[in-house]
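Chemist: I'd like to ask some things about the structure below.
The values are calculated or read from the model by the stated rules, or taken from the named source; none is laboratory data. Just so it is clear, the model here is predicted, and its values are computed rather than measured. Positions of Cβ are backbone-derived with ideal geometry, glycine not excepted, and every protein chain shown enters the neighbour counts. Ligands, DNA and RNA are stripped out before the accessible areas are found, and what is left, the full protein with its side chains, is counted by its heavy atoms. Shrake-Rupley method; radii C 1.70, N 1.55, O 1.52, S 1.80 Å.
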Amino acid sequence: QVQLVESGGGLVQPGESLRLSCAPSGSIFTLYAMGWHRQAPGNQRELVARITSRGSTNYADSVKGRFTISRDNAKNTVYLQMNSLKPEDTAVYYCRGTTASGNEYWGQGTQVTVSS
């Protein structure tokens, strides 16, 4: 069945950068909105960044100025450029996509660890 697949996670030192990517594993209709959420052990899953098909964005206050979300509408692919990473950014990052009719899709997550 169709699902979203994330890639690009890894282990980095504070101050370094990573770029995450997310794309469907199969053909689906255009997703209206795509975004990234993250969850650390013992914490709630939180929204990191979101972008609509028209390019409007929003970010969590904790990542503004450091993270940038972008997308390729033709591929239903979303990216998250993460700069100046901090230890508190450590979490599993999940991709989410929503159709205009309200259906949602999630990825399995990719681990981001920021540690010296």
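Chemist: Any idea what Rg and Dmax come out to for the chain if you just take the C-alpha atoms, in Å?
Modeler: 13.5, 44
Chemist: Moving on to the next point. Would you grab the residues whose amide H sits under 5 Å from the one on Gln3? Only those 5+ places off in sequence or on another chain, please, with H modelled 1.01 Å from N.
Modeler: Ser25, Gly26
Chemist: Now a separate question. Let me check something: with ligands and nucleic acids excluded, how do Trp106, Trp36 order by accessible area (1.4 Å probe), largest to smallest? Spell out each step's value before the answer.
Modeler: Details: Trp106 80, Trp36 0 Å².
Heavy-atom accessible area, descending, gives Trp106, Trp36.
Chemist: Taking square-rooted eigenvalues a ≥ b ≥ c of the alpha carbon gyration tensor, is the stretch 25-81 rounded, prolate or oblate, where a/c under 1.5 means rounded and, failing that, a/b exceeding b/c means prolate? Mind dumping the intermediate values first?
Modeler: Values: a/c = 2.48, a/b = 1.52, b/c = 1.63.
The shape class here is oblate.
Chemist: State in Å² the accessible area per residue of the chain; use a 1.4 Å probe, count heavy atoms of protein chains only, and round to the nearest integer.
Modeler: Values: 6320 Å² over 116 residues.
Dividing the accessible area of the chain by its residue count gives 55 Å².
Chemist: Among 57-66, 77-86, what's the highest-first ranking by average C-beta atoms within 10 angstrom per residue?
Modeler: Packing order, densest peptide first, comes out as 77-86, 57-66.
Chemist: Further question on the same structure: Hey, what do the phi angles of the stretch 53-68 turn into as Karplus ³J(HN,Hα) couplings, whole Hz, using 6.51/-1.76/1.60 and θ = phi - 60°, x for Gly and Pro?
Modeler: Going residue by residue, I get 5, 8, x, 6, 10, 8, 9, 5, 4, 5, 10, 4, x, 10, 9, 9 Hz, with x marking Gly and Pro.
Chemist: If you don't mind, there's one more thing I want to ask. Roughly how many nanometres apart are two label points built 7 Å out from the Cα toward the Cβ at Thr52 and Thr113?
Modeler: Modelled inter-label distance: 3.9 nm.
Chemist: Could you state how much accessible area Glu46 has, in square angstrom rounded to the nearest 10, with a 1.4 Å probe and all protein chains kept in place?
Modeler: We get 80 Å² for Glu46.
Chemist: Gain in length, Trp106 to Asn43, computed as 0.36 nm per residue apart minus the alpha-carbon separation, to one decimal in nm?
Modeler: Working it through step by step, the gained length comes to 20.8 nm.
Chemist: Specify whether the C-alpha gyration tensor of the stretch 48-93 places it in the rounded, prolate or oblate class, a ≥ b ≥ c being the square roots of the eigenvalues: rounded for a/c under 1.5, otherwise prolate if a/b is larger than b/c and oblate if not.
Modeler: It is prolate, given that a/c is not under 1.5 and a/b is the larger ratio.
Chemist: Which percent of the accessible heavy-atom area of the chain goes to carbon and sulfur, probe 1.4 angstrom? Kindly include the intermediate steps, with their values, before the conclusion.
Modeler: Numbers: 2820 of 6320 Å².
In the chain, the share of accessible area belonging to carbon and sulfur is 45 percent.
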